[in-house]
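The values are calculated or read from the model by the stated rules, or taken from the named source; none is laboratory data. Here the structure is a predicted model, which means the values were calculated and not measured. Cβ sites come from the backbone with ideal geometry, for glycine too, and all protein chains shown count toward neighbours. When the accessible area is computed, the model is the full protein with side chains, heavy atoms only, and any ligands, DNA or RNA have been set aside. Shrake-Rupley method; radii C 1.70, N 1.55, O 1.52, S 1.80 Å.
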Amino acid sequence: MGMGDSPDTSDGLPWETGADDASDDNAPSAAELEEAGQGSMFGAAPEPTDAPPPNSPMPNSPPASASPSEPRADTPPAQPMAPDPAQPYRVLARKYRPQTFSELIGQEPMVRTLANAIARDRLAHAFLMTGVRGVGKTSTARLIAKALNCIGPDGQGGPTIDPCGVCEPCVAIAEGRHIDVIEMDAASHTGVDDVREIIEAVRYSAVSARYKIYIIDEVHMLSRNAFNALLKTLEEPPAHVKFLFATTEVDKLPVTVLSRTQRFDLRRIPANLLKEHFAEICRKEDVEAEDEALAIVANAAEGSVRDGLSILDQAIAHADMGADDPAGEGSGSVVTAERVQSMLGLADKGAQRRLLGHLLEGQAKPLLAGVDEQYALGVEPLSMMRALMDIVHRITVAQVSGAEPDAPSADERAQLAAWAEAIPAGRLHRLWQLLLKGHEEVRQAPDPLVSLRMALLRTLHANDLPDPGRLAQIIADAAANTPAVSAPSESAADTAAPAARALDWLDLIAKVEDAGQHLAASTMKLQIRPIAVESGLLRYSRDARYRDDIGPQLREALHLATGERWQIEEAPEGGSPSVIEREQDAAADAQREAREHPLVKAAFAAFPDAEILEERQTPSPRRDWRREA
């Protein structure tokens, strides 16, 4: 017998003809295999059937007594195994990814522009979506791919801003398996070779769609040579090709690429819109959440939908963990603000307001106790400082706008409104500057808690100091309330008072000169006509030709000379003559008296053109130190 001959025995071996026929007769059909594969992949439940008894054979295998070629009539047809009902969990960010433009929140200008372009058949060949993380750049690119390739439920539709979602292109794009929609991650395909594959592939038309679309995510990661290789194709692509770029760092893209694309800047989503979106998702997920908790999640998301959904996913899991906790304070599986704050390490809203109240009232001990309490609960020092800054900002905005403060709870709105009415604007701005400086110190400090304590204590003591305007008002009121000194009664006192004042004024000028403030002393001699010189008060007038502001210069010089704070007041007129004026008057009087002397009169009679010269001290001759050395 050769190796290719079949044996004559009939022991049921696989290569026997009868066995092969029986196997072919009992094998599931192609339709049954496809149904089983689709069910196992997408979780389709099989038709309900009665469970066989424990000792009965499996439905997929023929009974032992049945003939291989003639199956029993009462044997049920082959059915796929029931899939496991426990499917892999999909995070909320993936589960609720927008499938239509109406589900894309916060980007109405871009949607309106695309709708007009599609309606007027003015579609660009390349689009660039830019913005911060989680605002919908990649989702928008996929929606544009759907809108351009949708054929409608009847297969006769064209590009539309409202893709049907049921046609084959829409379903395939949503499932990420469309052959004509190619997604590429530029972070892992950065070179020229990757771009060369695109350049070679764009020459061929789309296989089954209207357009061949290339979605390149994080396009700024492409190398410079890769960008240069793509420029020509990007500028003049075939009519059936569209490029969709997404990036978070648009400033890294070459200008030559930006000029070849239609750019859309996706905005951050406002916190109130995020809160409404999260509330809708909680309703769909049959999860109960407090409004304040959703507001905290929306604020923590910082305008990113994906970040917010990730936080919400964690918050729901955190609430489910406490559902069976006997110490859960009866909250069950409700997403509460307290749980979210604890999860994120944020300070409690009431604790934040108490800390700010201690700051405003100058209570140091309760302030430090509150900081230690929050730190023990897991709140980071930097978060405490940011929370105080946020409250001061909201108070200031409410004070300027006159509207109700932005706060989720009625108690917080009432407290912020009371502070906005009671605290002056200048004090709020000074408080903000102090907290901002403290925030930078806490961020860079090796021990953030110690830095937070010192920064808040400094803010506490400096916050209640009067501002410069208030301080000037206090000094003016004190000067106005000072009792007046009784005036001398007789003319002799009138003549002695200016001399006494002049003597005091000269002593003050001497002190200023001794302090090294020679310019200020010269100004005091030349310009100032003293009206009142008292301890801490200088009231004076000047000649009309002097118009410069000498108040700050005098205030600083007198402070250095006397060690006291001086109030400087300038009056339009009055006061005794200045030192220079008195010296000039004395020199004129001396000259008149000299001219009345008999010898001087005789000299002028003999020499009519003679002049009287003042004798001055001749300076000592300059010594040449170089010759003496």
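Numbers at a glance
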{"read-out": "Subset of the range 176-204 (residues that are open to solvent by 80 Å² or more (accessible area, probe 1.4 Å), of a type outside the set (Lys, Arg) and either touching a residue at least 24 places away in the same chain (Cβ under 8 Å) or not in a loop (DSSP other than H, G, I, E, B) (or both))", "value": "Ile179, Glu183, Asp193, Glu197, Glu200"}
{"read-out": "Every pair of residues 6+ apart whose Cβ atoms lie under 6 Å, when the first sits in the range 518-533 and is in contact (Cβ under 8 Å) with a residue 12 or more places away in the chain while the second is part of a strand (DSSP E or B) and surrounded by fewer than 21 Cβ atoms within 10 Å (Cβ to Cβ)", "value": "Arg529/Ser541; Ile531/Arg539"}
{"read-out": "Any chance Ala351 is in contact with a Lys or Arg (Cβ under 9 Å, 6 or more places away or on another chain), surrounded by 17 or more Cβ atoms within 10 Å (Cβ to Cβ) and of a type in the set (Gly, Ala, Ser)", "value": "no"}
{"read-out": "Answer residue from the range 327-339, given it is modelled with pLDDT of 85 or more and part of a loop (DSSP other than H, G, I, E, B) and is surrounded by the most Cβ atoms within 10 Å (Cβ to Cβ) among those", "value": "Thr336"}
{"read-out": "Residue tally, condition open to solvent by less than 20 Å² (accessible area, probe 1.4 Å) and in a helix (DSSP H, G or I), over the range 289-309", "value": "9"}
{"read-out": "Selection from the range 541-553 of residues that are more than 17 Å from Trp566 (Cα to Cα) and among the small types (Gly, Ala, Ser)", "value": "Ala544"}
{"read-out": "Filter result for Cys164 (more than 19 Å from Ala246 (Cα to Cα) and in a helix (DSSP H, G or I))", "value": "no"}
{"read-out": "Residue tally, condition in a helix (DSSP H, G or I) and open to solvent by 60 Å² or more (accessible area, probe 1.4 Å), over the range 523-552", "value": "3"}
{"read-out": "Cβ-Cβ under 6 Å pairs, at least 6 apart or on other chains, the range 430-453 side closer than 17 Å to Met389 by Cα, far side part of a loop (DSSP other than H, G, I, E, B) and open to solvent by less than 70 Å² (accessible area, probe 1.4 Å)", "value": "Ser451/Ala445"}
{"read-out": "Filtered residues of the range 517-540 (kept if under 17 Å from Trp566 (Cβ atoms) and of a type in the set (Gly, Ala, Ser))", "value": "Ala520, Ala521, Ala532, Ser535, Gly536"}
{"read-out": "Residue check, Gly536 among the small types (Gly, Ala, Ser), touching a residue at least 24 places away in the same chain (Cβ under 8 Å) and touching a Ser or Thr at 6+ places or on another chain (Cβ under 7 Å)", "value": "no"}
{"read-out": "Check on Asp589, more than 27 Å from Ile475 (Cβ to Cβ) and touching a Pro at 6+ places or on another chain (Cβ under 9 Å)", "value": "no"}
{"read-out": "Matching residues, the range 435-470, being hydrophobic (A, V, I, L, M, F, W, C) and crowded, with 19+ Cβ neighbours inside 10 Å", "value": "Leu435, Val442, Leu452, Ala455, Leu456, Leu460"}
{"read-out": "Restricting the range 571-622 to residues that are open to solvent by 100 Å² or more (accessible area, probe 1.4 Å) and acidic (Asp, Glu), the residue that is modelled with the highest pLDDT", "value": "Glu583"}
{"read-out": "Count - residues of the range 229-263 that are buried (at least 19 other Cβ atoms within 10 Å of the Cβ), small (Gly, Ala, Ser) and over 19 Å from Met110 (Cβ atoms)", "value": "1"}
{"read-out": "Condition check for Thr248: over 22 Å from Ala93 (Cβ atoms) and not acidic (Asp, Glu)", "value": "no"}
{"read-out": "Among the candidates Ala124, Ala82, Ala117, residue that is farther than 24 Å from Ala186 by Cα and either modelled with pLDDT of 90 or more or of a type in the set (Val, Ile, Thr) (or both)", "value": "Ala117"}
{"read-out": "Filter result for Asp324 (assigned to a loop (DSSP other than H, G, I, E, B), open to solvent by 80 Å² or more (accessible area, probe 1.4 Å) and at pLDDT below 80)", "value": "yes"}
{"read-out": "Filtered residue count, the range 388-426, keeping only those that are closer than 13 Å to Lys349 by Cα, open to solvent by 20 Å² or more (accessible area, probe 1.4 Å), among the charged types (D, E, K, R) and over 18 Å from the mean Cα position of the chain (by Cα)", "value": "2"}
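This table checks each residue for (1) assigned to a helix (DSSP H, G or I); (2) surrounded by fewer than 19 Cβ atoms within 10 Å (Cβ to Cβ).
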site	(1), (2)
Gln341	yes, no
Leu356	yes, no
Leu359	yes, no
Gly370	yes, no
Val379	no, no
Leu382	yes, yes
Arg386	yes, yes
